[in-house]
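This report concerns only the one structure given below.
The values are calculated or read from the model by the stated rules, or taken from the named source; none is laboratory data. Worth saying up front: this structure is predicted, and the values here are computed from it rather than measured. FYI the Cβ positions are ideal-geometry reconstructions off the backbone, even for glycines, and counts take in every protein chain you see. Only protein heavy atoms, including side chains, enter the accessible area calculation; ligands, DNA and RNA are left aside. Shrake-Rupley method; radii C 1.70, N 1.55, O 1.52, S 1.80 Å.
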Amino acid sequence: MMQTVEFSLNGKAVTVQGPPAMPLLFALRGALAHKGTRLGCGEGHCGACTVTLDGVPVTSCNTPLSAVEGRAVGTVEGIVAADHPLVAVLIRHQAGQCGYCLPGILTKAATLIDQGRGVDEICAALDENLCRCGAHARILAAIAEVAS
Amino acid sequence: MNIPPPLAAFPLVSQWITFSADGVGILSGRVELGQGITTALIQMAADELDVPVEAITTIQGHTGLSPAEGPTVGSLSITFGGQSVRLAASAARMLMLQHAAGLLQAQVGDLSVREGLILKDGVETGLSYARLCSDVDLAVPAKDYAAPKPADQRRVSGTSVPRVDLEARLLGGYLLHDMDLPGMWHGRVIQPPSLSATVLSLPSLPPDVQLVQEGQFLAIVAREEYTALSAVKKVAAQIEWTIPPIGSVHPIDALEGEIAESETLYDSPDLAAGVTEISVSVTKGVIAHASIGPSVAVARWEGEALTVWAHSQNVFALRTSLAEVLGHPAAKITVIFVPGAGCYGHNSSDDVALDAALMARATGRPVRALWQREDEFLHAPFNPAMCTRMTARLNAQGRIVSYDARVVSPPHSTRPAGAEEPNLRAQQFLPNAMPMGPGNDAPQPQGGADRNAVPGYIIPAVRVVRDRPAIVPYRHSAMRGLGALANVVALEQLMECCAEAAGQDSVAYRLWHLEDPRARAVIEAAVAMAGEKDRAEGVGYGLGYARYKNMAGYMACVARVLVGDEVRVTDVWSAADVGEAVSPDGTINQLEGGIVQAISWALKEEVSFAGGQNLTKSWEDYPILRFSEVPRLHTRLIGPQDAAPLGAGEVSSGPAGAAVVNAVRNALGANPDRLPLTRQALVTLLS
């Protein structure tokens with residue numbers, strides 16, 4: 001069974017067809033060609049697939065497509081296209097190595113910065129995002145620079 | 001001139017450097033694993049060629065185009081691969097200038113280069129690399145023309161230019177995970193539950209998917225990724241397998257059991273008795289590479305020609321390994337590296353390349369194969385469990401007069417090695433099933449399991465024995481630093497114990513056993529950086545030092561821990577001497593990444609087994625260090641920029657792990673003998 005789902009993606013209306021249970025991640029990476037959002041574990045444990053849903057960071061690998069009908073989805077492409085200040089600061093701090101985790105972290109951190117959250121709160125929220133290369137301290141330094 | 005091994009094997013300038021109207025190209029066998037090697041190679045070439053960083057592109061890890069340098073491992077990419085590029089680039093510049101001198105009827109000494117433009121007496125000549133790109137024969141030996149610039153004339157190397165690839169990594173399209181070919185389908189392998197399991201019956205297939213079955217190799221392929229994923233979960237749950245009994249021996253117990261092979265690697269005839277004998281023992285469990293991104297590969301057959309895109313550490317060995325397993329001539333296989341997630345050693349990136357090739361062959365389509373998180377935790381190679389016991393004997397003055405170590409561990413490499421030992425997981429399940437090879441450890445002084453088991457301290461008599469356990473109920477292979485973590489943890493704990501027995505300060509005691517000024521300097525610097533120690537409740541400080549492989553970078557770390565129910569590392573102060581640091585901020589990033597990873601290994605990580613059965617399936621079963629647990633990092637490079645580059649990627653693991661374990665020892669007054677230092681391990685240690 002396929003369902004047609006309409007939602008806003010980085011501020012633009014999109015329509016996508018897919019099985020209702022299909023995670024949003026596969027619609028983003030597939031038909032919508034937004035591949036910045038990455039498949040890590042597929043179980044909501046690592047945060048590599050983090051997007052925003054009505055401004056709240058969620059893991060798109062376990063958010064069913066049917067759940068986003070009529071809602072606003074934000075991805076890393078939107079953060080970069082809007083020239084969010086965290087992007088340039090992350091790069092200046094060389095806040096990453098392989099970068100597989102970075103789109104999810106950037107999406108969450110930029111969103112929380114824009115909502116006026118403090119560094120400690122953002123750091124606590126990032127405990128749901130795994131980084132294996134060990135770039136955490138640089139990422140937090142970049143966030144602190146932009147958030148303050 | 002010191003010719004690094006890759007340049008000796010591929011001596012021609014044209015094998016490393018290309019010129020075109022658009023700029024300069026570097027050909028390299030060293031691949032970009034997230035460690036920043038692309039940026040560093042470009043910096044080294046930019047200096048020699050006098051071109052801007054932006055004018056240089058690279059082709060890295062392409063079996064048809066790159067010099068077959070072998071694997072990107074061992075912190076050797078700058079030391080060998082980068083130095084080869086530097087010499088070749090230097091020679092390329094000279095060849096260009098010689099040709100220009102002929103055209104201009106000038107002396108080479110009157111010519112110079114600015115941003116790729118050739119100048120005479122500082123004035124533009126109308127000639128440039130771009131203009132001459134077709135006219136100069138680069139197929140000549142680099143060593144005959146290379147004269148690399150002295151360190152003080154380098155303008156780009158030694159500065160922290162921004163990573164050339166980091167911005168691209170923030171979006172889709174850069175990683176192999178994002179690759180899309182016309183007509184490409186998506187595949188997921190169904191992992192047999194044990195190596196000798198056989199399929200009894202298969203369920204009916206969901207619509208829109210194709211089953212690939214060759215022997216016990218099973219995979220589901222579909223046009224849409226989610227179709228393949230949901231089908232594979234459904235089908236895998238319904239397959240009936242005959243599963244032979246799983247062994248009952250736990251990986252740790254196997255270290256205490258029968259020894260299959262014992263080898264004395266380093267021996268001194270006279271292990272003097274001394275007046276005091278001090279022993280330590282450190283055991284660690286099986287550790288996973290645990291990349292955030294599951295391994296992926298794309299394969300396409302066009303007639304007899306097979307192209308595989310992989311994020312392998314060694315595309316050259318992967319090609320010959322694929323040839324062996326597929327029964328297909330290597331000459332008709334091209335393997336092209338495309339970056340994936342960080343791997344930290346031999347993970348499943350090569351395995352999935354064979355999976356993709358098999359799926360593409362069976363379906364007649366390009367296929368993108370991706371492992372699942374659970375596949376990685378259950379079936380990828382792991383850093384092996386090991387146990388290191390060390391004994392030092394002290395004379396009446398407290399100085400160490402003899403030392404012996406026994407390292408019990410499986411080999412730390414079962415990397416794909418071509419025809420002899422392809423070592424790709426699916427080879428075990430095909431109709432012409434091939435067992436995996438036994439693997440090996442590099443000989444001393446590098447060593448594998450025994451890496452850094454030979455002490456870097458001055459000790460007159462040393463013996464090191466390496467024992468192989470007869471039972472190894474998991475796949476074991478290379479991970480960052482190999483045996484250095486356990487061995488440096490044990491050795492540095494031994495030095496603490498010996499210093500106490502000798503009644504000496506442990507820093508002074510180490511320095512008493514070290515003459516190399518570079519070794520002494522990193523210890524003195526790290527201790528000075530840490531400054532005054534506070535003595536709050538539960539606080540401990542520890543020092544860890546090693547020269548990686550006893551021949552590469554020097555590093556010392558001081559860790560401050562707070563021990564309550566769990567261990568929390570609050571600060572790590574580190575000083576490193578890696579010789580020339582081409583991209584200092586990148587070098588520090590590598591060192592710090594290694595520190596964070598070593599803390600995670602030492603405090604949290606172990607693949608859990610019941611007997612020989614691996615129980616680890618998800619991140620919930622395998623915690624790693626998280627954002628709020630990462631300490632403040634204070635890291636300095638103190639090496640001379642005019643010294644040879646020694647490599648950096650693996651240098652910090654041993655010293656950082658040792659510093660943390662010694663800090664816990666300091667806080668608790670007990671010798672930690674079992675890693676990871678989880679809450680449970682602390683309870684056991686104190687009881």
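First select every other residue whose beta carbon is under 9 angstrom from the beta carbon of B:Ile292; then total the charges, Lys and Arg +1, Asp and Glu -1.
+2
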So for chain B: antiparallel DSSP bridges make up what percent, rounded to the nearest 5? 75 percent
Can you compute log10 of I(q)/I(0) for region A:3-75 with the Debye formula, treating each Cα as one identical point scatterer, at q = 0.16, 0.17, 0.24 Å⁻¹? -0.44, -0.51, -1.07
Would you mind giving the mean number of other chain beta-carbons within 10 Å of the Cβ of each residue in B:631-639, as a whole number? 1
Heavy-atom accessible surface that A and B bury in contact, both chains counted, 1.4 Å, Å² to 100: 4300 Å²
P(r) for chain B, please, calculated from all Cα pair distances in 20 Å bins and given in %. 18, 47, 30, 5, 0
Note down the nm distance, to one decimal, between modelled labels 7 Å out along Cα→Cβ at B:Lys533 and at A:Ala141. 2.7 nm
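Give the calculated FRET efficiency between A:Asp54 and B:Leu615 to the nearest 0.05, with a Förster radius of 35 Å applied to their Cβ-Cβ distance.
0.40
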At most 16 other Cβ atoms within 10 Å and a DSSP loop assignment: could you name the trypsin sites (Lys or Arg not before Pro) in region B:110-165 that fit? B:Arg155
Please report the spacing between the Cα centers of region B:495-513 and region B:1-77 in Å, no decimals. 45 Å
Quote the charge dipole size of chain B about the Cα centre in Debye, to the nearest 20; the model charges only the Cβ of Lys and Arg (+1) and of Asp and Glu (-1). 280 debye
Compare the peptides B:98-106, B:375-383 by average per-residue count of other Cβ atoms within 10 angstrom and give them in order, highest first. B:375-383, B:98-106
So what are the ³J(HN,Hα) numbers for region B:666-677, from phi and the Karplus equation (6.51, -1.76, 1.60; θ = phi - 60°), rounded to whole Hz, Gly and Pro as x? 5, 6, 9, x, 9, 8, x, 10, 9, 9, x, 8
Charge dipole of chain B about the Cα centre (unit charges at C-beta), most positive-ward option of B:Gly647, B:Leu49, B:Gln153: B:Gly647
Would you jot down the residues in region A:93-134 that end up with at least 40 Å² less accessible area in the complete protein assembly than in the chain alone, with a 1.4 Å probe? A:Gln94, A:Gln97, A:Cys98, A:Tyr100, A:Asp127, A:Leu130, A:Arg132, A:Cys133, A:Gly134
Once normalised by the length of region B:567-649, the mean sequence separation of its alpha carbon contacts under 8 Å that are 6 or more apart gives a contact order in percent of 58 percent
Whole-number accessible area per residue in Å² for chain B, which is evaluated in the context of all protein chains at 1.4 Å: 35 Å²
Tally Lys and Arg at +1 and Asp and Glu at -1 over the other residues with C-beta under 12 Å from the C-beta of B:Leu424: what net charge comes out? -1
I'd like the distance between the alpha-carbon centres of region B:289-340 and region A:94-148, rounded to an integer number of Å. 34 Å
Here FRET efficiency (C-beta to C-beta, B:Ile3 to B:Asp253, R₀ 60 Å, nearest 0.05) is 0.80
Tell me, which residues of region B:600-620 get at least 40 Å² less accessible area when the other protein chains come in, versus the chain alone (1.4 Å probe)? B:Trp619
Mind listing the phi-derived Karplus ³J(HN,Hα) values for region B:93-100, rounded to whole Hz, using 6.51, -1.76 and 1.60 with θ = phi - 60°, and x for any glycine or proline? 4, 4, 4, 4, 5, 4, 5, 4
At a 1.4 Å probe, what is the % contribution of carbon and sulfur to the accessible area of the protein assembly as shown? 51 percent
Sites excluded, GluC sites (Glu not before Pro) in DSSP loops with at most 16 other C-beta within 10 Å, longest stretch of chain A: A:70-148
Value of relative contact order over chain A, rounded to a whole percent, pairs C-alpha under 8 Å and six or more apart: 24 percent
Sort B:670-681, B:441-452 by packing, meaning the average of other beta carbons within 10 Å per residue, with the highest value first. B:441-452, B:670-681
Here, GluC sites (Glu not before Pro) of region B:291-347 satisfying both criteria (DSSP loop; at most 13 other Cβ within 10 Å) are B:Glu304
Considering Cα pairs under 8 angstrom that are at least six residues apart, work out the relative contact order of chain B and quote it in whole percent. 14 percent
For the protein assembly as shown, what number results from the quotient of the Cα radius of gyration and 2.2 N^0.38 Å? 0.96
Within the under-12-Å Cβ sphere about B:Gln60, not counting B:Gln60, Lys/Arg +1 and Asp/Glu -1 give a net charge of -2
Of the DSSP beta bridges with both residues in region B:5-164, give the percent that are antiparallel, rounding to the nearest 5. 70 percent
Among GluC sites (Glu not before Pro) in region B:471-526, those in a DSSP loop whose Cβ has at most 11 other Cβ atoms within 10 Å are B:Glu515
Per residue, how large is the accessible surface of region A:3-75? Use a 1.4 angstrom probe and give square angstrom. 35 Å²
Express in whole angstrom the spacing between the alpha-carbon centres of region B:639-664 and region A:3-80. 41 Å
Short version: ³J(HN,Hα) in whole Hz for each residue of region B:362-372, in order, from phi by Karplus 6.51 cos²θ - 1.76 cosθ + 1.60 (θ = phi - 60°), x for Gly and Pro, what are they? 6, 9, x, 10, x, 10, 9, 9, 9, 6, 9
In nm, spacing of pseudo-spin labels at B:Lys332 and A:Thr15 (7 Å Cα→C-beta vector): 4.8 nm
Return the average number of partner chain Cβ atoms within 10 angstrom of each residue Cβ along peptide B:170-180. 6
